[in-house]
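Comments concern the structure below.
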Amino acid sequence: MAKQIVSKNNKIELGMLTNSSFNLLLTTKYKNSKKIIIVDENTEQECWPFVLTSFEALKEAEVILLPAGEENKVMEVCFQVWEAFTNYNIQRNDLVINLGGGVITDMGGFIASVYKRGLDFINIPTSLLSMVDASVGGKTGINLGAHKNQLGLFSSPELTVCDPSFLSTLDPKEILSGKAEMIKHGLIASKSLFNELLNDKNEIPSSKLIEEAIQIKSDIVDRDFKENGERKKLNFGHTIGHAIEGYLLEKQVEVTHGECVAWGMLVECYLSYELAGLSLEELEIIENFIRKTYSEISIVEADFGQLIYLMGHDKKNQGEKINFTLLNAIGKSTVDYQLDEAVILEALIKTFTT
């Protein structure tokens, strides 16, 4: 059987989809429900045929195909899906199954949670990023222009099944994207996980490492589901990373979420060294790891003003200053550092111009 991750807010299983409780749900609780599968172009081709042939209960499921890519995580696409739901006469007792990466689980969960004030949904994450981060924790959302995840709500799936066999379908850049979130989990809460990742030579992280990363996030979410305090630790690297990602997507530069977060973490490590007690030795370990692992991205000094503008619209801000989670040491972090533009600018200069 698939292994159940310890969580009070989410039912998460790690292992083969065919060995999980997915089929039991389909044939009992949702036996008489219509099933809607949301996929993108990649998972329709690489993952859906296996799922369809493995589960008799899905033989009459409706498949909704969404365009792949973060740039499509927008309200216009949601409206199209809601119209399709109406055409299919979807009712409140029907089931949405999100089969895909972070864009699909973020947007599919949002679509399900809003329609008729909430349909049940199941997440089957197929990317590393979605397994260790996006599909875990009950956050759903879409983007608003260049502003990441500005529209959304907290809504937990009935089940999330993380099947590592799907990772073999991914490009190496997508594995690296997910690995950035695992690195983040280690930096904020587990020095041992960070060290394991630092020394891991495998292209695809082991199930053991994936489980550790999921458990760290699950534990934090259990303690602070609505992000009033400790859950803000999970935003490490994202205040700047989201600004980088939104800015580059607006410029139509192809970039993954994880590499933006990786470079965002490096900027925020400089801030951590200056303001939160991160040692120079640990800063250099993190910096060498990120610069060795992730290719440079096309950010130059002329872009800094726009990045700071986008950070100013971050969901976590209060008042005029920009809110950060910073590292006190590898494996230890503190939330709610309110920083002004001059300090942030200095860290951007150190990251992208030296």
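Here, the chain has an Rg and a Dmax of 19.8, 61 Å when only alpha carbons are counted. Using all pairs of distinct alpha-carbon atoms, the Kirkwood hydrodynamic radius of region 38-137 works out to 13.6 angstrom.
What relative contact order, as a whole-number percentage, does region 269-354 give when Cα pairs under 8 Å and 6 or more residues apart are counted? Intermediate results must be reported in sequence, preceding the final value.
On the way: 81 pairs, mean separation 30.2, N = 86.
Here the relative contact order equals 35 percent.
The lysines within cross-link reach of Lys73, meaning a Cα-to-Cα straight distance under 18 Å and a gap of 8 or more places when in the same chain, are Lys139, Lys148, Lys251, Lys315.
Residues in region 264-281 carry Karplus couplings, in order, of x, 4, 5, 4, 6, 6, 4, 4, 5, 5, 6, 10, 10, x, 4, 6, 4, 4 Hz; the curve used is 6.51 cos²θ - 1.76 cosθ + 1.60 with θ = phi - 60°, and Gly or Pro positions show x. Separation of region 203-281 and region 1-54 by C-alpha centroid, Å? Comparing the Cα centres of region 203-281 and region 1-54, I get a distance of 27 Å.
Panel values: region 266-354, Kirkwood radius from alpha carbon pairs, Stokes-Einstein at 37 °C and 0.692 mPa s, translational diffusion coefficient 240 µm²/s. Pop out the carbon and sulfur fraction of the accessible area of the chain as a percent, whole number, probe 1.4 Å. Answer for the chain is 49 percent, counting heavy atoms of protein chains only. Note on Lys321/Lys191: beta-carbon distance plugged into 1/(1 + (r/R0)^6) with R0 of 25 Å gives a FRET efficiency of 0.30. Solvent-accessible surface of the chain, taken per residue with a 1.4 Å probe and all protein chains present: 42 Å². Summary of packing: across the peptides 271-281, 291-301, the per-residue average of other C-beta atoms within 10 Å ranks them, highest first, as 271-281, 291-301.
In whole percents, the pair-distance distribution calculated for region 165-242 from its alpha-carbon pairs, binned every 5 Å from zero, is 3, 14, 25, 24, 19, 11, 4, 0.
Could you tell me the calculated FRET efficiency between Lys31 and Trp82, based on Cβ-Cβ distance and R0 = 30 angstrom, to the nearest 0.05?
0.75
Under a 5 Å amide H cut-off, with hydrogens placed 1.01 Å from N, Leu14 pairs with Lys3, Gln4, Ile5, Cys162 among residues at least 5 apart or on other chains.
How high is the relative contact order of the chain? Use alpha-carbon pairs under 8 Å, at least six apart in sequence, and give a whole percent. Can you show the working numbers first?
Numbers: 650 pairs, mean separation 54.2, N = 354.
For the chain, the relative contact order is 15 percent.
In this simple spin-label approximation, Val300 and Asn23 carry label points 7 Å from Cα along the Cα→Cβ vector, and these lie 5.7 nm apart.
Taking all Cα pairs closer than 8 Å and separated by 6 or more residues, the relative contact order of region 98-189 comes to 30 percent. Rounded if a/c is under 1.5, else prolate if a/b is larger than b/c, else oblate: which is region 114-174, with a ≥ b ≥ c the root eigenvalues of its Cα gyration tensor? Oblate, since a/c reaches 1.5 and b/c is not below a/b. The alpha-carbon atoms of region 179-307, seen along their principal axes, cover 40, 36, 31 angstrom, with the largest extent given first. Within the chain, antiparallel bridges make up roughly 45 percent of the DSSP beta bridges whose residues both belong there.
Extension gain, Glu341-Met16: 0.36 nm per intervening residue step, less the Cα-Cα distance, totals 112.3 nm. Evaluating 6.51 cos²θ - 1.76 cosθ + 1.60 at θ = phi - 60° for every residue in region 88-102, the Karplus couplings come out as 7, 6, 6, 10, 5, 8, 8, 10, 9, 10, 9, 10, x, x, x Hz, glycine and proline recorded as x.
How much of the DSSP bridge set in region 1-118 is antiparallel, in percent, rounded to the nearest 5? Kindly include the intermediate steps, with their values, before the conclusion.
Values: 3 of 12 bridges.
Close to 25 percent.
The values are calculated or read from the model by the stated rules, or taken from the named source; none is laboratory data. Please read these numbers as outputs of a predicted model, since none were measured by experiment. Virtual Cβ from ideal backbone geometry, glycine too; neighbours counted across all protein chains shown. Side chains included, ligands, DNA and RNA excluded: accessible areas come from the protein's heavy atoms. Shrake-Rupley method; radii C 1.70, N 1.55, O 1.52, S 1.80 Å.
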